[in-house]
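Below is one structure, written out as structure tokens; the observations come after it.
The values are calculated or read from the model by the stated rules, or taken from the named source; none is laboratory data. Bear in mind the structure is a predicted one, so any value in this text is a computation, not a measurement. Cβ atoms come from the backbone with ideal geometry, glycine included; neighbour counts cover every protein chain shown. Heads up: the accessible areas ignore ligands, DNA and RNA and are worked out on the full protein's heavy atoms, side chains in. Shrake-Rupley method; radii C 1.70, N 1.55, O 1.52, S 1.80 Å.
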Number of protein chains: 2
Amino acid sequence: MAELFGGIEGGGTKFICALGTNTGEILAETRIPTTTPADTLSRCVDFFEEQATTFGNISAIGIASFGPLDPRLDSDKYGHILPTPKAGWSNADIVGTFKKAFDIPIGFDTDVNGAALGEWRWGAAEGLNNFVYLTIGTGVGGSAMINGELVHGLLHPEMGHISLVRQENDSAESVCPFHDDCFEGLTSGPAIENRWGKKADTLHTGHPAWEMEASYIARALRGFICTLSPERIVLGGGVMSQEHLFPLIRKKTLEELNGYVQSPQILEEINDYIVPVTLDGKAGILGAFLLGEYALKN
Amino acid sequence: MAELFGGIEGGGTKFICALGTNTGEILAETRIPTTTPADTLSRCVDFFEEQATTFGNISAIGIASFGPLDPRLDSDKYGHILPTPKAGWSNADIVGTFKKAFDIPIGFDTDVNGAALGEWRWGAAEGLNNFVYLTIGTGVGGSAMINGELVHGLLHPEMGHISLVRQENDSAESVCPFHDDCFEGLTSGPAIENRWGKKADTLHTGHPAWEMEASYIARALRGFICTLSPERIVLGGGVMSQEHLFPLIRKKTLEELNGYVQSPQILEEINDYIVPVTLDGKAGILGAFLLGEYALKN
């Protein structure tokens, strides 16, 4: 029988817990509302204890969590949430809680790195050693794999906070409390709602919101292409469920680059270079199984 | 005796060739003007043949070249210069020329990756697994090491071509023929000269050029920090020989990030986070020796 892994996709509104295998099978799943760390995490622990009773021993648990967080194994704060405006969660010791409950390896990384791993193993980035995964929704986050490994560096990337040149006709305020000009502040779902006075998913496909949205995203993609030279860019998140954005973004990204990067993958195969996610919201939890698998191996 | 390596730093105006060791010793060096590929490269070949007569067998040659170039080992165009405005050099087969002359491994990468390797082994990025190296001079180029390996991806990064939000009081034209808003087009030595009507090195330290220059560079660094989360940023090139820029850049980078990235290395140790090169122009040739060493190992 295949080895069993626990996976957690920890978000600001809910924690998704699942039991599954490293072949991408989900055997059981539950959703736990995000309240206090003590309550939320103990309910997660309960779930895995129950699953172990039903299905047998769990080899490892992987956690893909909202951040900011500390994923550095050699740090005092490893496995903790860092100071965050989310009430009660600053310095919450996520990994420590599971280590106390289970004597098995616990993997830990950002939610966006988890989703990127899922898309890499089973989805839109399958088989690539260098790619960028972006989620554009309530917030904007990014993950990069370089030479087959996820980028962590100091802590983890914060791709939603690069600065973007404003469109001339855009005077809307950024919705980011830190930056008046950042990717997240100008293009997230709340940014669209703030700019146009309506929720993004109620704007018709011909609304000028989308032309502007695509322009900003293309500008950001140019930055990531020039910096990371990825083999593919995978776009997910609520805003990117608007499929009509993809042709616009592809066209504008080519305009932004203006022929400078002489790669056939970009110049001739843009439809296969900037692509949507394919795991339909399951990338995070499947990636969490992989985080568990990695923790087991290391 | 230590193994001997040939190194070439191939630039638009000159090719520096040197014989040395992988401990960073330079035994002989020459500078060859960049004319046609046939003439320039045959003079490089002559240099190494002479050195081999004097010092003995050369184990490998590493080439750190101007670009755009193709560094992908599995590509038909591996070792070639890609289409370039530089007369005569489009499609020049650099590696092939040396392979014909010498039956030894030939390493090949960009000039900026070569310099980054030099600074990593012996200079300002010693011992780090994640850093960004930027050269700001006649052009702007960047290199990143992630998890101990240089970023290549599709071809190689083109960090000088990310877009930057313009300063309000800057109406100077970009000097980049491809982009009206890019890092290189707004901050290279020629961009400074174009904007202020004087060569950068003739502008006194209190000139407003430097405040603006530092603002643009800080904006770019914010982008690289948010995208790559480097452990350090090393700045070199002619423009960065203006040492008074460093305190300005550090201050403005902190302002750009506005406390968002919660890393003590940035928040508390910025003087050790954004640093000048230390190899004083030798990074490229020393890095080329390492490219030779890597070619020998692989």
>> Return the residues of the range B:165-181 that are more than 12 Å from every other protein chain (Cβ to nearest Cβ) and loosely packed, with under 15 Cβ neighbours inside 10 Å; say none if nothing qualifies.
In response: B:N169, B:D170, B:S171, B:E173
>> Just the residues that are open to solvent by 10 Å² or more (accessible area, probe 1.4 Å) and within 12 Å of another protein chain (Cβ to nearest Cβ), please, taken from the range A:211-222.
In response: A:S215, A:R219
>> Name the single residue that is surrounded by the most Cβ atoms within 10 Å (Cβ to Cβ) among those in the range B:101-113 being of a type in the set (A, V, I, L, M, F, W, C) and not in a loop (DSSP other than H, G, I, E, B).
In response: B:V112
> Do you know which residues across the range A:82-133 are more than 16 Å from the chain's Cα centre (by Cα), modelled with pLDDT of 95 or more, closer than 23 Å to B:V261 by Cα and β-branched (V, I, T)?
Replying inline: A:I94, A:V95
> Taking A:G141, is it open to solvent by less than 40 Å² (accessible area, probe 1.4 Å) and within 11 Å of another protein chain (Cβ to nearest Cβ)?
Replying inline: yes
>> If B:S65 satisfies all but one of (1) more than 21 Å from B:C226 (Cβ to Cβ); (2) open to solvent by 20 Å² or more (accessible area, probe 1.4 Å), what's the number of the condition it fails?
In response: (2)
> Of all the residues that make up the range B:144-163, how many are more than 7 Å from chain A (Cβ to nearest Cβ) and buried (at least 20 other Cβ atoms within 10 Å of the Cβ)?
Replying inline: 4
>> Between a residue in the range A:88-100 that is within 18 Å of A:T13 (Cα to Cα) and outside any loop (DSSP other than H, G, I, E, B) and any residue that is at pLDDT 95 or above and aromatic (F, W, Y), which pairs come within a Cβ distance under 9 Å, given they are 6 or more apart or on different chains?
In response: A:I94/A:F108
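Considering each residue of the range A:225-261, count those that are facing chain B (nearest Cβ under 9 Å), over 20 Å from B:D180 (Cβ atoms) and not acidic (D, E), and give that number.
Let us first name the residues in the range A:225-261 that are facing chain B (nearest Cβ under 9 Å), namely A:225-231, A:256-261.
Right, trim to over 20 Å from B:D180 (Cβ atoms) and you get A:228-231.
In the following step, the residues that additionally are not acidic (D, E) were identified as A:228-230.
Within the range A:225-261, residues that are facing chain B (nearest Cβ under 9 Å), over 20 Å from B:D180 (Cβ atoms) and not acidic (D, E) number 3.
With the requirement that a residue be part of a helix (DSSP H, G or I) and either open to solvent by 50 Å² or more (accessible area, probe 1.4 Å) or in contact (Cβ under 8 Å) with a residue 60 or more places away in the chain (or both), what does the range A:5-41 give you? Break it down stepwise before answering.
Of all residues in the range A:5-41, those part of a helix (DSSP H, G or I) come to A:37-41.
Hits for the range A:5-41 are A:P37, A:A38, A:D39.
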> Considering only residues of the range B:116-138 that are of a type in the set (S, T, N, Q) and away from every other protein chain (no Cβ under 12 Å), which is most open to solvent (accessible area, probe 1.4 Å)?
Replying inline: B:T138
> Looking at the range B:63-94, which of its residues are out of contact with any Phe, Trp or Tyr (no Cβ under 7 Å at 6 or more places or on another chain), under 22 Å from B:V140 (Cα atoms) and within 13 Å of chain A (Cβ to nearest Cβ)?
Replying inline: B:G67, B:P68, B:L69, B:H80, B:L82, B:P83, B:T84, B:P85, B:S90
